[in-house]
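Peer 1: Input: one structure, supplied below.
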Amino acid sequence: MRLKATILQGEGEQIDFKNKISNENKIAKTLVAFANNKGGKLLIGVADDGHIIGVKNEDEERYILERAAYRYCKPAIEIRFDETFVDDKLVLIAEIPESDLKPHYALGEDGKWWVYIRVKDKSILAGKVVVDVLKRHTDTEGVLITYTDKEKQLLTFLHENDRALLIDICKHLKLSRRKTQRLLVNMILAGIVKVSTTKEAEFYMPAAI
């Protein structure tokens, strides 16, 4: 069975396992992370280690997911549901397509709205630069890069450093944080620079690396 093969591969950028859905705040992070990335599927009734537990009450699971998608995600997220039996146990599949309305925000337990993205098998809080890239992902005008001294300095610095932090780039370019972020956003959208997000920070590097 195809789903069983997917489960055996483990969690990843577009697959997440859940025993059950019980917390709207927490699941909202995963929903927006998928929507802000390439989309993904939640497999409910599957433990983190891939053990198939099965869903006892699929209606309750759907209700919590839809509540999270509409009340704890902004803009609201549409979920496609499917059900299948694996080893005689019901697995509920919640598919979240990649969104055209990026960025999506999840309501945190602190009452604030935060943007999350999917990195490998984790839903990670996005930094300001990534949020701005998501906001402009549908720009129809494109990005025109004129290579001023700052752009040249930035690329040289990134080539000399495997992974550069925003604070180090600001210091090297002698620019404010806001101006440096704007420069990075334009160069990421132009495909010249790429960003790597971790739980600790965002790192920048030439896109060719």
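The values are calculated or read from the model by the stated rules, or taken from the named source; none is laboratory data. In this text the structure is predicted, and so the values were computed from the model without any measurement. FYI the Cβ positions are ideal-geometry reconstructions off the backbone, even for glycines, and counts take in every protein chain you see. Surface areas here come from the heavy atoms of the whole protein model, side chains and all, with no ligands, DNA or RNA. Shrake-Rupley method; radii C 1.70, N 1.55, O 1.52, S 1.80 Å.
Peer 1: Given the conditions (1) at negative phi; (2) touching a strand residue (DSSP E or B) at 6+ places or on another chain (Cβ under 8 Å), report the number of the one that residue 45 does not fulfil.
Peer 2: In the conditions (1) at negative phi; (2) touching a strand residue (DSSP E or B) at 6+ places or on another chain (Cβ under 8 Å), residue 45 misses (1) alone.
Peer 1: Let me spell it out: the conditions are (1) farther than 25 Å from residue 24 by Cβ; (2) surrounded by 14 or more Cβ atoms within 10 Å (Cβ to Cβ); (3) polar (S, T, N, Q); (4) touching a residue at least 40 places away in the same chain (Cβ under 8 Å), and residue 198 meets all of them except one. Which number is the exception?
Peer 2: (2)
Peer 1: Evaluate segment 101-113: report whether one residue or more is exposed (fewer than 15 other Cβ atoms within 10 Å of the Cβ), of a type in the set (Lys, Arg) and in a loop (DSSP other than H, G, I, E, B).
Peer 2: Within segment 101-113 (the criterion being exposed (fewer than 15 other Cβ atoms within 10 Å of the Cβ), of a type in the set (Lys, Arg) and in a loop (DSSP other than H, G, I, E, B)), the answer is yes, since at least one residue qualifies.
Peer 1: Tell me, please, whether a residue that is open to solvent by 60 Å² or more (accessible area, probe 1.4 Å) and in a helix (DSSP H, G or I) can be found in segment 91-98.
Peer 2: no
Yes/no per residue for (1) more than 27 Å from residue 9 (Cα to Cα); (2) out of contact with any Phe, Trp or Tyr (no Cβ under 7 Å at 6 or more places or on another chain); (3) in contact (Cβ under 8 Å) with a residue 40 or more places away in the chain:
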residue	(1), (2), (3)
74	yes, no, no
79	no, yes, yes
85	no, yes, no
91	no, yes, yes
98	no, yes, yes
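Peer 1: Can you tell me which residues in segment 120-153 are under 13 Å from the mean Cα position of the chain (by Cα), open to solvent by less than 40 Å² (accessible area, probe 1.4 Å) and either under 18 Å from residue 31 (Cβ atoms) or modelled with pLDDT under 90 (or both)?
Peer 2: Listed by number, the residues that qualify are 123, 124, 126, 130, 131, 134.
Peer 1: Kindly indicate the residue of segment 8-32 that is touching a residue at least 12 places away in the same chain (Cβ under 8 Å) and more than 20 Å from residue 62 (Cβ to Cβ) and also surrounded by the fewest Cβ atoms within 10 Å (Cβ to Cβ) among those meeting that condition.
Peer 2: 8
Peer 1: Of the conditions (1) touching a residue at least 40 places away in the same chain (Cβ under 8 Å); (2) under 19 Å from residue 118 (Cα atoms); (3) not charged (D, E, K, R), residue 3 satisfies every one except a single condition; which number is it?
Peer 2: (2)
Peer 1: I'd like to check which strands (runs of 3 or more DSSP E) are fully inside segment 1-86 and have at least 2 residues that are in contact with a helix residue (DSSP H, G or I) (Cβ under 8 Å, 6 or more places away or on another chain) and under 27 Å from residue 195 (Cα atoms).
Peer 2: 15-18, 40-44
Peer 1: Something else: Would you tally the residues in segment 68-90 being in contact with a Gly (Cβ under 7 Å, 6 or more places away or on another chain) and surrounded by fewer than 16 Cβ atoms within 10 Å (Cβ to Cβ)?
Peer 2: Going through segment 68-90 one residue at a time, the tally reaches 1.
Peer 1: Take segment 39-50 and flag every residue that is open to solvent by 20 Å² or more (accessible area, probe 1.4 Å) and modelled with pLDDT of 95 or more.
Peer 2: If the condition is that a residue be open to solvent by 20 Å² or more (accessible area, probe 1.4 Å) and modelled with pLDDT of 95 or more, then 41 is the only one that fits.
Peer 1: In segment 172-186, which residues are modelled with pLDDT of 90 or more and part of a helix (DSSP H, G or I)?
Peer 2: 172, 173, 177, 178, 179, 180, 181, 182, 183, 184, 185
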